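Read the structure below first, then the notes.
FYI, it's all coordinate maths here, none of it is from the lab. Quick caveat: nothing in here was measured; it's all calculated off a predicted structure. Backbone-built Cβ (ideal geometry, glycine too); neighbour counts: all protein chains shown.
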């Protein structure tokens, strides 16, 4: 069975575009091959900055034969009165090149029809692949794409060559004015030019000989191993953050690792500043000793000639020395003023044109954390520390360091607050202001930091939804989905039973009071509520909860994520134990009759039957127990408090005619059912449950 190779050669691609294309190609090849009924053993995608390559091993030479069913006229028009085939049926048979004996009758949703079932033979893979590969290349999408030359095709970067082979034969197709061939290109500087590939299994070896390690996983291993080997003799260790490492892998095709050094005096700078200057700006890796302290060394991954490594190393050292000299200057200049002296500077920093200054935002954050901290039972200084952290939280935006290194906002504020003698918990909270910055990031470790991060996100959400900046589709320029998820994670992690809508409404009220033309409308409220509940739904379902339990919990409790989580856990336990099914039976009987009925007052004097009086007494007892359990977020207890209702409700329906002839009695019994329905729904919206 033959092997297939496709290579898309490009100008240097951004790392994010490479990883996105790899994922798309891995998914698309299976879908396209399946659609064309082409069978293969395995496939894999390899990538480097200048190429995306797909290999398919063990491809069958022909696509699988398939049965094709073609629909003809309805049976009523296909049969004559004597049972013979009509002219319509015979004409259909001729059009399909079959005899009348091959016509079959099948039932459909619209009645009986005549069909022809035939087997369509498979096609040669070599016939199918040209169009399939062209479709695969054309289907790739990027967050940012470009056109080049005179064509209309779009790609992340210009496509420069196409190689496509089925064993030793070229699969001919065109894209962007390029024709596929059996030629690839080696390293831009270290190879001698074009490389002819005789067969797919020779591809990786030939590129290795041309100084291209096309397997990105192998490049990753070489970089990590090289860095560790360089550091090992001195007992040091490379500091390799995943994000930086993944990007570096897609910056080189022939990786080499060089150890450089910098002046020891720069070690006086905060570790975060040193590491950021190396990692984010230059994609270098810091080096630390066995105690975890940074060394005056760094690792640079290069794409050059290993024999020129000394020249490469000196070049990187000159670049980093300039960056660290700047950082040292900014650090020393910033420390000439304590962080608290910069509060007034925020009056001149615009938050958004419709929302005033950063000084106003800081004051809103202080009010928000004061309100939230007052609802949290902790030591007396929590409110004071939280307010102080909020007041100083934006001050680092006007420091030289953050102006030069914007990604360090919050971190720099925390460092300067600590050096300025602020309370340690205040300084820590400032550094936790923006957490979590991304999925999987750390959450605030202090209560002050958690409250401050919640206030920041609530204020951002209020501002955005008040201005109508609602995320649509994949567009989310203000990262509102991430901020909503951040609030959910923090509230659950810290065990805070705070109202999300309460925080957002308070922020919106403050924005309205600042008279910038901002308005929080009923539409804003509705859009925010729907959006936030939707983010919770995604979070809980992706965490493994059943979709119906999530819907049942959020329908009554989306506003307090901690409460929603505990409610969900109680529902899971009740379902597993069988309690939920028993409760649902009682709920359903009440709900079916009480649906649409207003919850009125039950008149005990009209409860004539023993079974309805029994239900009424059980309901009053259950109400008291449910309310007591809900007050302390004991949802297991609340669910359990409903169980004593099950047997009395069953007896009620067995012994009492709910729809009594007497209108007053009938209305009273329906009110009783409506009260029961409402009581069940204090625990969860049982109507959302399914039993598949």
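Give me log10 I(q)/I(0) at q = 0.10 Å⁻¹ for the range 324-469, Debye formula, one equal scatterer per alpha-carbon, no solvent. With one equal scatterer per Cα and no solvent, log10 I(q)/I(0) is -0.33.
Scoring 101-112, 75-86 by mean Cβ neighbours within 10 Å over their residues and listing the highest first yields 75-86, 101-112.
Can you tell me the order of 468-479, 392-403 when each peptide is scored by its average per-residue count of other Cβ atoms within 10 angstrom, highest first? Could you put the intermediate results ahead of the total?
Numbers: 468-479: 12.1, 392-403: 23.4.
Ranking, from highest mean packing down: 392-403, 468-479.
Expressed in units of 2.2 N^0.38 Å, where N is the residue count, the Cα radius of gyration of the range 479-546 is 1.26.
Å³ per residue of the Cα convex hull, for the range 166-264?
On the way: hull volume 15.5 nm³, N = 99.
Taking only Cα atoms, the range 166-264 has a hull volume of 156 Å³ per residue.
Taking only the C-alpha atoms of the range 101-180, the Rg (one decimal) and the largest Cα-Cα distance, Dmax (whole number), read 21.0, 59 Å.
Can you tell me the alpha carbon radius of gyration of the range 604-688 divided by the globular rule-of-thumb value 2.2 N^0.38 Å? Each step should come with its number before you reach the end.
Values: Rg = 13.5 Å, N = 85, 2.2 N^0.38 = 11.9 Å.
Relative to the 2.2 N^0.38 Å estimate, the range 604-688 comes out at 1.13.
With viscosity 0.890 mPa s and temperature 25 °C, the Kirkwood radius over alpha carbon pairs of the range 38-85 converts through Stokes-Einstein to a diffusion coefficient of 155 µm²/s.
Scale the Cα Rg of the range 66-120 by the rule-of-thumb value 2.2 N^0.38 Å and send over the ratio, two decimals.
This ratio for the range 66-120 stands at 1.07.
Taking only the Cα atoms of the range 171-224, the ratio Rg/Rh comes out at 1.04, with Rh defined as the Kirkwood radius.
For residue 631 and residue 291, compute 0.36 nm times the residue count separating them, minus their Cα-Cα distance, and round to one decimal in nm. Please list the in-between numbers first.
Details: separation 340, 0.36 × 340 = 122.40 nm, distance 4.91 nm.
Result for the pair: 117.5 nm of gain on full extension.
The calculated P(r) of the range 407-543, using every Cα pair and 10 Å bins from 0, goes 12, 39, 34, 13, 1 in percent.
Under the Kirkwood approximation for Rh and a Cα-based Rg, what ratio Rg/Rh is obtained for the range 216-324? The partial results should precede the final answer.
Details: Rg = 12.9 Å, Rh = 13.9 Å.
That ratio equals 0.93.
The label point for residue 246 and the one for residue 661, both projected 7 Å from the Cα toward the Cβ, are 7.5 nm apart. The Rg/Rh ratio of the chain, with both radii computed over alpha carbons and Rh defined as the Kirkwood radius, is 1.08.
Take the Cβ atoms of residue 172 and residue 147, set R0 to 25 Å, and the FRET efficiency comes out at 0.55. Between residue 280 and residue 205, the simple spin-label model (points 7 angstrom out along Cα→Cβ) gives 4.7 nm.
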